[in-house]
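Peer 1: Please read through the structure below; I'll follow up with questions.
The values are calculated or read from the model by the stated rules, or taken from the named source; none is laboratory data. Computed from a predicted structure; not experimentally measured. Backbone-built Cβ (ideal geometry, glycine too); neighbour counts: all protein chains shown.
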Amino acid sequence: MDYSDFLSGKRRVAPTVGRAGVSNGEIHPVLFPFQRDLVRWSVRKGRAALFADTGLGKTLMQIEWARLLGERTLIVAPLSVARQTVRIAHDMLGVDVHYTRNGSDLVGLLNITNYEMVEHFDPSLFGAVVLDESSILKSLDGKTRSKLCEMFADSSPPRQGRRAD
């Protein structure tokens, strides 16, 4: 074994657990070509991070990702962003995202709450999760980050079959 083989054996590759074959026609036409490419890639991967810069449309991309997966999804966002996400989804994409504070009133496939309320949710009810404004996790204590990772470790769309009724 040479050194490059050794290094290749150490490389971690995230498994593809999403949905393959998303066409441009399935993605809302309001998205720019680069956004459609990122959505198609992230839907195929299933578990992905979109570290796009400010103003590049991450909100639109996360909503399209969740919509195309077809799984009940919980979007977790800062309080100030949650209601804005609901508006953007409705006004720009024609998609309903329901704001919920405790998970007892889930509606449809896409629900959103804020980071402070996420502990009131049952992660087994969701096939996917979005951590919006994930940079906020850097300023949260390690317990909060660990709790989120633990809560949603098994969220692996769509092969786990936890579709909303």
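Peer 1: Mind listing whichever residues of region 21-62 are surrounded by fewer than 10 Cβ atoms within 10 Å (Cβ to Cβ), more than 14 Å from the chain's Cα centre (by Cα) and under 26 Å from Asp154 (Cα atoms)?
Peer 2: Listed by number, the list holds a single entry, Gly21.
Peer 1: Filter the helices (runs of 4 or more DSSP H) completely within region 12-88 down to those with at least 3 residues that are within 22 Å of Gly103 (Cα to Cα) and not aromatic (Phe, Trp, Tyr).
Peer 2: Counting at least 3 such residues, we get 58-69, 79-88.
Peer 1: In region 94-113, which residues are surrounded by 19 or more Cβ atoms within 10 Å (Cβ to Cβ) and not in a loop (DSSP other than H, G, I, E, B)?
Peer 2: Selection gives Leu110, Asn111, Ile112, Thr113.
Peer 1: State which residue pairs qualify: first residue under 13 Å from Pro78 (Cβ atoms) and surrounded by 11 or more Cβ atoms within 10 Å (Cβ to Cβ) and inside region 136-150, second residue at pLDDT 80 or above and of a type in the set (Phe, Trp, Tyr) in any location, beta carbons under 7 Å apart, and separation of 6 or more residues or different chains.
Peer 2: Ile136/Tyr115
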